[in-house]
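To keep things clear, I will list the structure first and then write my remarks on it.
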Amino acid sequence: MKKYLLIISAFMYMVNISAQKLIYQNYYKADSLLKVVTKNYIVNDQLIYSGFTYSMGHYSFPEQQISYPIIYSLSSLNKKFILDKELIYNGKAYNSTMVFIGDSCSYNDFGEKEIKKVSLNGNEFSYFYLPINVVNIIKENRSSLHFINVDDEYYSLGFNNLLGNKFYITVDKNTQLISKITQLKYDDLYGDTYQEILYANYKNNIPYDITVNHNQIVKAAFHLDSVGVKKPSIKVDSISNDISKETISKGLFIIKLNDYNNKILVTEHEDFLAIYEAPINVAVGNEIISFLQKHFNNKPIKYCFLSHHHPDHAGAISSFVNVNAKVVTTKGNVNYFDKLSKSIHTLKGEGFHPSKYNANYIIIDSLSEKTFFKKSSTSVIVYESGATTDHTNEFLYFYFPKQKILFVGDLVIFPKEKIRDQKKRALSVYTLIKSKKLKVEKIYTGWPLKDQKEFGTITDLKNSLLKSYPDLK
Ligand SMILES: [Zn+2]
């Protein structure tokens, strides 16, 4: 009996593994196809289409349609999409506006004066009049993206929007442009039906003809009249624009990540850079890398020193592994950092697929120290003393002897306004300075940034400890 159970559980395990593999494989296939499509679309300020909208209902014979001339103006402004319609009825013009911002939608119907908030649910199909909006919604809901099928001319992908509504797109294999989006739709009369938007006659990757069908009956058909000013595609997921660099001393810099309440140090050497801390995540890491490339003449980042494993200090490690930086850390972090460095990030933002997975480590043993860049004016001594920090089991302090600067990650804070009484974490900094007889004029921290002094002094540190440790020497 036991044997059978074992066989069954082994089988279930394998089914589970292969199911997981399938999910990845399917998603990555869809994602790589989407990447090609994405590149083809740019944001146009305004596109004006004219054509006809068709209504059906209480007319002379079943399924009779009456057509009305209509002008559509499709405007994209930052993350806002505005759909203006002007309908001509009995020689008179009527206007309707729909405004989409994020997951909200406002609307006034023809003849109504006020624009009111409406549910996105049921209205989101109009948002897809522009194929670039389709691409953007898929990017925002990547985890729902999947590959469906392929034939000689087209392939199709499926995705859900944030409301959980399901859509399918058909992409022309030749042009790599979306030719159709489809959604299931219930109709009171016809029952289970679908609605679709057909994009045709692309020129400069703009569809010149758009047709909206409900249940295979044309609801609207319009043709492009004019294109507004073109601009390059807005990077919707753009990360912080708010990184700044300040010089501490020759060859030693502080980089402030203002949006992330975080800071790192950088030393510049003859033909490379070293950074101290890799905060937050890969998106921020890549942003830091491009910032450094720009400000330091593309010098390679050869070393990445990490005080400890917390995300606000090491969350971006794989960005730096990917550019071949050697990682200076402690041995307890290696397995975890290996795991992070192998991770693929496509489900959010612009995505990140590292080309290099294996980090080169320089391990600082427990309670040991190591000097780097001895001949440089910005040499640094790394001390391990996690046991005393009351923060993490392993912790690296970075001491710049020539500048008399000690970098301590998040072990101590120096608020601008007043002295904050601190305990064991801050005491460990004091203990290190005393036990190693370090000459320290400035103590720099990695976190936080806001409302903090540029640096603290030994006196600041001592003052923050006196309440808890009145006998401090
Ligand atoms: Zn921490």
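A few remarks follow.
- Distance from segment 27-71 to segment 74-120 (C-alpha centre basis), Å: 15
- Cα centroid of segment 163-182 to Cα centroid of segment 272-289, whole Å: 36
- The string of couplings for segment 110-115 from the Karplus curve (6.51, -1.76, 1.60, θ = phi - 60°) is 3, x, 8, 8, 8, 9 Hz, one whole number per residue in order, with x for Gly and Pro.
- Simple spin-label estimate for Glu454 and Tyr59 in nanometres, 7 Å along Cα-Cβ: 7.6
- Per-residue HN-Hα couplings for segment 142-159 [Karplus 6.51, -1.76, 1.60; θ = phi - 60°; Hz; x = Gly/Pro]: 4, 5, 9, 5, 8, 7, 10, 7, 9, 10, 5, 10, 10, 10, 10, 10, x, 7
- The chain: angle of helix 131-140 to the longest principal axis, Cα-based, in degrees nearest 10: 40
- Excluding same-chain neighbours fewer than eight residues apart, the aspartates and glutamates reachable from Lys85 by a Cα-Cα span under 12 Å are Asp109.
- Counting only aspartates and glutamates at least 8 places from Lys348 when in the same chain, those with an alpha carbon closer than 14 Å to its own are Asp31, Glu140, Asp237.
- GluC sites (Glu not before Pro), loop per DSSP, at most 11 other Cβ atoms within 10 Å - longest free stretch of the chain: 271-416
- Cross-link reach list, aspartates and glutamates versus Lys3, counting only Cα pairs under 20 Å and skipping chain neighbours closer than eight places: none
- Backbone phi angles across segment 91-108, fed through the Karplus curve with coefficients 6.51, -1.76 and 1.60 (θ = phi - 60°), yield HN-Hα couplings of x, 10, 8, 10, 10, 9, 10, 10, 10, 10, 10, x, 9, 10, 9, 10, 7, 10 Hz in residue order; Gly and Pro are listed as x.
Bear in mind these aren't lab numbers, they're just calculated from the coordinates by the rules spelled out. Given the structure is predicted, the values throughout are model-derived calculations rather than measurements. When we count neighbours, we look across all protein chains shown, and the Cβ atoms used for this are built from the backbone with ideal geometry, even at glycine.
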